[in-house]
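A.B. asks: Quick one: the structure is below, questions incoming.
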Amino acid sequence: MTRTNGRFAEKVLGPDELRVYHARNARSAARGLAFLATRFSAKEAFSKAIGLGMHWPMTWRALQTLNKPSGEPMVVASGELAEWLEARGITARVTITDERDYAVSFVIAESAQAQEANGSDS
């Protein structure tokens, strides 16, 4: 992060994530870095779960991992990625954990057809 002078965060994080990052980073550089690591991890996991990797329409800033009022993380897509997901009936769930030296995220992506076949309504 020192080498890029914060540009990495601006390249990878969406606007809402970037606001949280700056607030956490202002309180503690370690907290800012941990937030960035968890969001990067979630984006990587999501891109793989939907089968695209980091290829159009999946871009770093097109997907944000935000928190519900309960604290539960949720993925929020925008732009062409949101349209791509909606056209395919894909929804996703994310879980994130981090410790001092690492961050791990898991994403489960389901299509509407898979949800119907499994009897799930969420």
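A.B. asks: Can you tell me which residue in segment 10-32 is farthest from V76 (Cα to Cα), limited to those that are modelled with pLDDT of 95 or more and among the hydrophobic types (A, V, I, L, M, F, W, C)?
C.D. replies: A26
A.B. asks: What pairs come out if I take residues in segment 25-49 that are closer than 22 Å to A109 by Cα and aromatic (F, W, Y) and pair them with residues that are modelled with pLDDT of 95 or more and in a helix (DSSP H, G or I) whose C-beta lies under 7 Å away, six or more apart or interchain?
C.D. replies: Filtered contacts from segment 25-49: F40/V12.
A.B. asks: Right, another one. Within segment 50-75, which residues are more than 15 Å from E110 (Cα to Cα) and of a type in the set (A, V, I, L, M)?
C.D. replies: We begin by selecting, within segment 50-75, every residue more than 15 Å from E110 (Cα to Cα); these are 53-73.
Correct list: M54, M58, A62, L63, L66.
A.B. asks: Tell me, yes or no, whether segment 46-64 has at least one residue that is of a type in the set (D, E, K, R) and in contact with a Leu (Cβ under 6 Å, 6 or more places away or on another chain). Give the derivation first.
C.D. replies: Within segment 46-64, the subset of a type in the set (D, E, K, R) is 48, 61.
Imposing the further condition that a residue be in contact with a Leu (Cβ under 6 Å, 6 or more places away or on another chain) reduces the set to none.
No.
A.B. asks: On to the next question. Hey, can you tell me all the residues within segment 19-64 that are of a type in the set (A, V, I, L, M, F, W, C), within 26 Å of W84 (Cβ to Cβ) and more than 12 Å from the chain's Cα centre (by Cα)?
C.D. replies: V20, I50, L52, M54, W56
A.B. asks: Right, next: Scanning for something outside any strand (DSSP E or B), surrounded by fewer than 19 Cβ atoms within 10 Å (Cβ to Cβ) and at pLDDT below 95, does segment 75-93 turn up at least one residue? Before the answer, list the steps.
C.D. replies: First, pick out the residues of segment 75-93 that are outside any strand (DSSP E or B): 78-89.
After this cut, where a residue has to be surrounded by fewer than 19 Cβ atoms within 10 Å (Cβ to Cβ) as well, the list is 78-80, 82-84, 86-89.
Adding the requirement that they be at pLDDT below 95 leaves none.
Scanning segment 75-93, I find no residue that is outside any strand (DSSP E or B), surrounded by fewer than 19 Cβ atoms within 10 Å (Cβ to Cβ) and at pLDDT below 95, so the answer is no.
A.B. asks: Still on this structure: Please work out which residue is modelled with the lowest pLDDT, limiting yourself to segment 94-122 and to residues that are more than 29 Å from G32 (Cβ to Cβ) and assigned to a strand (DSSP E or B). Spell out the reasoning first.
C.D. replies: The initial filter retains those residues of segment 94-122 that are more than 29 Å from G32 (Cβ to Cβ), namely 110-122.
If we keep only those that are assigned to a strand (DSSP E or B) as well, we get 110-111.
Details: E110: 95, S111: 91.
The residue in question is S111.
The values are calculated or read from the model by the stated rules, or taken from the named source; none is laboratory data. Values in this document were obtained by computation on a predicted structure and should not be read as measured data. All Cβ positions, even for glycine, are placed from backbone atoms using ideal geometry, and neighbour counts span all protein chains on display.
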